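First the structure, in the form of structure tokens, and then the observations on it.
The values are calculated or read from the model by the stated rules, or taken from the named source; none is laboratory data. Note that the structure is a prediction, hence the values are computed from the model and not measured. No Cβ is skipped: glycine too gets one built from the backbone with ideal geometry, and neighbour counts run over all protein chains shown. Ligands, DNA and RNA are stripped out before the accessible areas are found, and what is left, the full protein with its side chains, is counted by its heavy atoms. Shrake-Rupley method; radii C 1.70, N 1.55, O 1.52, S 1.80 Å.
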Amino acid sequence: ELDPQVQFTQQGMNEKELLAYMLQLLDNDRHTRGIQDRAGGIQWQVSGIYSYGDLVFLHLAMENASPIDYHLDYLRIYTRDARQGKRTAIQEKEMTPLKIIGRYKKVAAGCNVPFIIALPRFALPAKQFLALEAGEAAGGRRLQLKIRSPHLMRARILPPLHTDFFQL
């Protein structure tokens, strides 16, 4: 299930090349561990973080071990301060994905659904983290992933599209 087409030019990459990268990443094995959340039989995890030019790709997987389907109502992506002092405002900066591919809107009971999010490259100070928040439609299962700067610094750099990197 593809989101509406987004036209842009970054590092000479067009919409067709972006889609080709994302489709090939969808089949990659998991190489990032430790970033996950669980709620009500749903497990959401980061399977990989990749970088190419001015883009960051997040390879995510959502697994439903419950007998009830999970219908995604919203997906928020934002940066946030790691610590909040007493009586201070929370500083959040919302991020808009360039493209999302995969059938992530509905995770059927007993299924594992991988999907890829493409974001514009961003700097993340040591005292902030990237948060991904997913909530269920008319339900209470809310999931949140926190990706810190060290995880982003270990992102795999993608080679030009014609190489066989994608089978690592």
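Remarks
- Qualifying residue in the range 44-56 (condition: assigned to a strand (DSSP E or B) and open to solvent by 80 Å² or more (accessible area, probe 1.4 Å)): no
- Being surrounded by 12 or more Cβ atoms within 10 Å (Cβ to Cβ), within 30 Å of GLU17 (Cα to Cα) and at pLDDT below 90 is a condition met by no residue of the range 106-115.
- ALA65 open to solvent by 40 Å² or more (accessible area, probe 1.4 Å) and either over 28 Å from MET153 (Cα atoms) or in contact with a Cys (Cβ under 7 Å, 6 or more places away or on another chain) (or both): yes
- Residue in the range 40-62 that is under 20 Å from ALA137 (Cβ atoms) and at pLDDT below 90 present: yes
- The residue list GLY85, GLY140 contains one member that is closer than 21 Å to GLN45 by Cβ, modelled with pLDDT under 90 and either within 15 Å of the chain's Cα centre (by Cα) or part of a loop (DSSP other than H, G, I, E, B) (or both), which is GLY140.
- Filter result for LEU124 (within 17 Å of THR32 (Cβ to Cβ), surrounded by fewer than 14 Cβ atoms within 10 Å (Cβ to Cβ), aliphatic (A, V, I, L, M) and at pLDDT below 90): no
- When ASP37, ASP73 are checked against the criterion of being under 30 Å from ASN14 (Cα atoms), assigned to a strand (DSSP E or B) and either modelled with pLDDT of 95 or more or of a type in the set (Asp, Glu) (or both), a single residue qualifies: ASP73.
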